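Here the structure comes first, spelled out in structure tokens, and everything after it is commentary.
The values are calculated or read from the model by the stated rules, or taken from the named source; none is laboratory data. Small disclaimer: the values here were computed from a predicted structure and weren't measured. Here the Cβ is made from the backbone with ideal geometry for all residues, glycine too, and neighbour counts use every protein chain on show.
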Amino acid sequence: MGAGSTVMRGERYPVQGLRVEGGVVVRLSKLLPTGPVEPDELFRYALSDSVKLPALLERAVRIQPERYEEALDLLTGMERRFSPSALEALVPVLSWLTGSTGIAGTGKEWRAWLIERQTEKEPVGILDLPDDLGR
């Protein structure tokens, strides 16, 4: 199995989100940036005309975990602007930001998830009745 998993007691598990107390940092290249990325940078790049998956993922994995919801909010709010192919390219990013194991969803399934997420985040209106009604 590829990088990103570990074997414990004979079972293979993904290591995303696993707490590590000691380890070695491995840098693939000194040319690759290592600093955090603002969620709006991922969003800006995802909406550009020349999205490349490696660059998209490089931005996604550098977002601080405490800002994943912010990044998801940006992507959720602009779901309609993503073409089917653009949303397909976002599948691994959405998987990363949500912490889902594996990249099983299709772009269409992730679109439905984003729409549902947007619906859940929309404020519910309060029905303002005249004082003598509803009592």
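Here are a few things to note about the model shown:
Residue-wise test of (1) small (G, A, S); (2) closer than 24 Å to T106 by Cβ; (3) modelled with pLDDT of 85 or more; (4) touching an Asp or Glu at 6+ places or on another chain (Cβ under 7 Å).
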{"site": "V15", "(1), (2), (3), (4)": "no, no, no, no"}
{"site": "L18", "(1), (2), (3), (4)": "no, no, no, no"}
{"site": "E21", "(1), (2), (3), (4)": "no, no, no, no"}
{"site": "S29", "(1), (2), (3), (4)": "yes, no, no, no"}
{"site": "P54", "(1), (2), (3), (4)": "no, yes, yes, no"}
{"site": "V61", "(1), (2), (3), (4)": "no, yes, yes, no"}
{"site": "E66", "(1), (2), (3), (4)": "no, no, yes, no"}
{"site": "E69", "(1), (2), (3), (4)": "no, yes, yes, no"}
{"site": "G77", "(1), (2), (3), (4)": "yes, yes, yes, no"}
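- Selection count, the range 74-91, where residues are surrounded by 15 or more Cβ atoms within 10 Å (Cβ to Cβ) and under 23 Å from K121 (Cβ atoms): 9
- Selection status of A46, within 30 Å of I115 (Cα to Cα), surrounded by 14 or more Cβ atoms within 10 Å (Cβ to Cβ) and at pLDDT below 90: yes
- Helices (runs of 4 or more DSSP H) contained in the range 37-113 and holding at least 2 residues under 12 Å from the mean Cα position of the chain (by Cα), within 24 Å of Y13 (Cβ to Cβ) and aliphatic (A, V, I, L, M): 53-60, 84-98
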